[in-house]
1. Failed condition for SER127, given (1) polar (S, T, N, Q); (2) under 30 Å from ASN173 (Cα atoms); (3) open to solvent by 60 Å² or more (accessible area, probe 1.4 Å), with all others met?
2. Against the condition touching an Asp or Glu at 6+ places or on another chain (Cβ under 9 Å), aromatic (Phe, Trp, Tyr) and open to solvent by less than 50 Å² (accessible area, probe 1.4 Å), how does TYR121 come out, does it pass?
3. Is it true that some residue in region 145-167 is in a loop (DSSP other than H, G, I, E, B) and over 25 Å from PHE8 (Cβ atoms)?
4. Scan the strands (runs of 3 or more DSSP E) fully inside region 220-266 and keep the ones with 3 or more residues being within 29 Å of SER19 (Cβ to Cβ) and touching a residue at least 24 places away in the same chain (Cβ under 8 Å).
5. Given the residues ASP234, ASP221, ASP209, which is the only one that is surrounded by 15 or more Cβ atoms within 10 Å (Cβ to Cβ) and out of contact with any strand residue (DSSP E or B) (no Cβ under 7 Å at 6 or more places or on another chain)?
6. Please find, among LEU97, LEU93, LEU149, the residue that is over 30 Å from ARG189 (Cβ atoms), at pLDDT 95 or above, in contact with a helix residue (DSSP H, G or I) (Cβ under 7 Å, 6 or more places away or on another chain) and of a type in the set (A, V, I, L, M, F, W, C).
7. Hey, any hits in region 70-80 for a residue that's surrounded by 14 or more Cβ atoms within 10 Å (Cβ to Cβ), of a type in the set (Gly, Ala, Ser) and on the phi < 0 side of the Ramachandran plot?
8. Scan region 173-206 for residues that are in a loop (DSSP other than H, G, I, E, B) and open to solvent by 10 Å² or more (accessible area, probe 1.4 Å) and jot them down.
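The values are calculated or read from the model by the stated rules, or taken from the named source; none is laboratory data. In this text, all values refer to a predicted model and were calculated from it rather than measured experimentally. Reconstructed Cβ throughout: ideal geometry from the backbone, glycine too, with neighbour counts over all protein chains shown. Each accessible area value is taken on the protein alone, full model and side chains, heavy atoms only, with ligands, DNA and RNA left out. Shrake-Rupley method; radii C 1.70, N 1.55, O 1.52, S 1.80 Å.
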Amino acid sequence: MTFLNDLFPGGKKYAITMSYDDTSLDLNEKLIGIFNKYGIKGTFHLNGCGLESKDLDIGHFREVYFGHEISCHTYTHPRFGNMPRESILDEILRDRLILEKIAGYPVRGMSYPFGSVPEKYLEVLKSCGIEYSRTTGDHGGFYLPDDFLHWGATCHHSGGINELLEKLIGDANGPRLLYIWGHAHELPRTAITFETIENFCRAAAEHSDKIWFATNIEIKDYVDAQHSVRYSLDGSSAYNPSRISVWATRGGKAVEIKPGMNVFEN
């Protein structure tokens, strides 16, 4: 039987991730409160320089961001275009070092300041331990990236997110990812408000039986695990070398491929 890598954890066809930039700690905390209320997951890309100058309560910080992801956004939020390689290394590594001390775990992802990076610097990111980075090139679709260092989002949070949620659920194919990004500091001063985000989260939570709510790095790890699975030619077995279960369609049914060897009945 043929396997299709078309499902997220739990055999779900759809996933949603929320991604927010810049160090707006009080506003991020308010946003996280909404996410937690509805079981939504977020990734927060922070600038280290905005944290160094603050007298942070690390225990409170970790409690607030628990279940979500802390990710890089460079130390000072510069434009990469005219910067030398050494300065970019410093921006990323200094940011990582500060964030890891505060978060208490390896920081592996990033979003580009001002949305992009010259192609020649992608190797710099890899050498800094960055496994994915989000651009600001919204594509309006629900597809996963071919290259996680060029991870375009579905839309900014001002881009008709409730309509996109309805479109997502109406798509019979899988896997489909709705990736929404923004800045928490936009919410008190634009037409997109905290109430807008809460209404979206409430509507998304009503479909929690169909949607996997995940952080950016959880999606990257899951796709990597999918790609690592090896299948027998006749579809009777699969070997999953990763530490997490992968879900696939086999013979029209959702199957869980657990870590290690899996043997299936015909």
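1. Answer for SER127: the failing condition is (2).
2. Values: touching an Asp or Glu at 6+ places or on another chain (Cβ under 9 Å): no; aromatic (Phe, Trp, Tyr): yes; open to solvent by less than 50 Å² (accessible area, probe 1.4 Å): yes.
Judged against the criteria, TYR121 is not a match.
3. First, the residues of region 145-167 that are in a loop (DSSP other than H, G, I, E, B): 145-147, 152-154, 157-160.
Applying the additional criterion that residues be over 25 Å from PHE8 (Cβ atoms) yields 158.
Yes; the residues of region 145-167 include at least one that is in a loop (DSSP other than H, G, I, E, B) and over 25 Å from PHE8 (Cβ atoms).
4. 246-250, 253-257
5. On the way: ASP234 fails: surrounded by 15 or more Cβ atoms within 10 Å (Cβ to Cβ); ASP209 fails: surrounded by 15 or more Cβ atoms within 10 Å (Cβ to Cβ).
After applying the criteria, what remains is ASP221.
6. Values: LEU97 fails: in contact with a helix residue (DSSP H, G or I) (Cβ under 7 Å, 6 or more places away or on another chain); LEU93 fails: in contact with a helix residue (DSSP H, G or I) (Cβ under 7 Å, 6 or more places away or on another chain).
The match here is LEU149.
7. Checked region 70-80: at least one residue is surrounded by 14 or more Cβ atoms within 10 Å (Cβ to Cβ), of a type in the set (Gly, Ala, Ser) and on the phi < 0 side of the Ramachandran plot.
8. At the first step, the residues of region 173-206 found to be in a loop (DSSP other than H, G, I, E, B) are 173-175, 187-193, 206.
If the condition is that a residue be in a loop (DSSP other than H, G, I, E, B) and open to solvent by 10 Å² or more (accessible area, probe 1.4 Å), then ASN173, GLY174, PRO175, PRO188, ARG189, THR190, ALA191, ILE192, THR193, GLU206 are the ones that fit.
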